[in-house]
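For reference, the structure discussed in these notes is given below.
The values are calculated or read from the model by the stated rules, or taken from the named source; none is laboratory data. Values in this document were obtained by computation on a predicted structure and should not be read as measured data. Here the Cβ positions follow ideal geometry from the backbone for every residue, glycine too, while neighbour counts run over all protein chains shown. Ligands, DNA and RNA are excluded from the accessible area calculation, which covers all protein heavy atoms including side chains. Shrake-Rupley method; radii C 1.70, N 1.55, O 1.52, S 1.80 Å.
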Amino acid sequence: MELKIFDVEHGACALLSCDNGTRLMIDCGHNSSTTWRPGTYLREQGISRLDLLSVSNYDEDHVSGLPDLRNKVDVGGLWRNESVTPNILRALKRENGMGPGIQELLRMTETCTGGADAAPPTFSGVERQAFHLDYPEFDDTNNLSFVVHLKINGIGFLFPGDLETSGWNALLARDGGFRAAVSDTKVLVASHHGRENGICEDVFSRYGCKPYWIVMSDKACVHDTQETNAFYSSKAQGASFRGEERKVLTTRNDGRLRFWFESGKWGAA
């Protein structure tokens, strides 16, 4: 079993491959510099089916590779914040327009559900949960993020999308299951690609999140609000990564990240 987090610049894409052959992808961004795309990658690996796609955020950088993905492989289900209907999504994107990924996602929502399937796929050795705020209580795509918690062979991974501080606080205040998932997280993907507005201090100080690593899926820093390495380093325990002790891992510097699980052990490379 393995979890890969791909270098898709200022975007997101991760792939969980389970021992029983099932696969879950969280977001499907692409890398415009290297031309890497998730669907092409899967086909090159001899993979023709993705059992479930989770979309954590309704912005283009999280779904820019979706046209390629649907063209290259069969996507069995879609797991997302369903309080955002296609019409609501069109309204949310009206001001800035829709890229090809969001346009493809709109088409997909008409035919693919996934979250409420009578027989959802079984990901061997994995417990999965999702948490989200509803529209219209929140009407911005960041705070409507679909937060996914995966417990892989007993190790908790949290993918919060682009959740901002107000969204973190709202979910933490009302959902005991979310609080438990946060405290059970050993690898945290930094919200909003490590931007300052994705930080919630209470996640660590009040709710006991003590990850070994914090991961940033991002490209080179161009804004002061991305300079959060020191903060996140102060919150992580740290563990060995590629021969050295590390607390923060970034796709911009470390490239593709691979988390492996075998014989009761796990690690990152």
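Which of the residues belonging to segment 2-23 are in contact with a strand residue (DSSP E or B) (Cβ under 7 Å, 6 or more places away or on another chain), over 30 Å from ASN96 (Cα atoms) and touching a residue at least 24 places away in the same chain (Cβ under 8 Å)?
First, pick out the residues of segment 2-23 that are in contact with a strand residue (DSSP E or B) (Cβ under 7 Å, 6 or more places away or on another chain): 2-6, 12-18, 23.
Within this subset, residues satisfying the condition of being over 30 Å from ASN96 (Cα atoms) are 2-4, 16-18, 23.
Selection gives GLU2, LEU3, LYS4, LEU16, CYS18, ARG23.
Among the residues of segment 67-111, what is the count of those that are farther than 15 Å from PRO136 by Cβ and in a helix (DSSP H, G or I)?
18
Would it be correct to say that GLY39 is at pLDDT below 95 and surrounded by fewer than 24 Cβ atoms within 10 Å (Cβ to Cβ)?
Answer is no for this residue.
Tell me, which residue of segment 130-168 that is buried (at least 24 other Cβ atoms within 10 Å of the Cβ) and not hydrophobic (A, V, I, L, M, F, W, C) is nearest to GLY198 (Cα to Cα)?
ASP162
Which ones in segment 16-38 are in contact with a Leu (Cβ under 7 Å, 6 or more places away or on another chain) and closer than 21 Å to THR250 by Cβ?
LEU16, MET25, CYS28, PRO38
Give the residues of segment 176-204 that are part of a strand (DSSP E or B) and either of a type in the set (Lys, Arg) or over 17 Å from the mean Cα position of the chain (by Cα) (or both), sorted by residue number.
LYS186
Return the only residue of ASN20, ASN31 being open to solvent by less than 50 Å² (accessible area, probe 1.4 Å) and polar (S, T, N, Q). Break it down stepwise before answering.
Values: ASN20 fails: open to solvent by less than 50 Å² (accessible area, probe 1.4 Å).
When all the criteria are applied, what remains is ASN31.
Would you check which residues across segment 228-269 are in contact with a helix residue (DSSP H, G or I) (Cβ under 8 Å, 6 or more places away or on another chain) and either in a loop (DSSP other than H, G, I, E, B) or among the acidic types (Asp, Glu) (or both) and list them?
THR228, ARG242, LYS247, listed by residue number.
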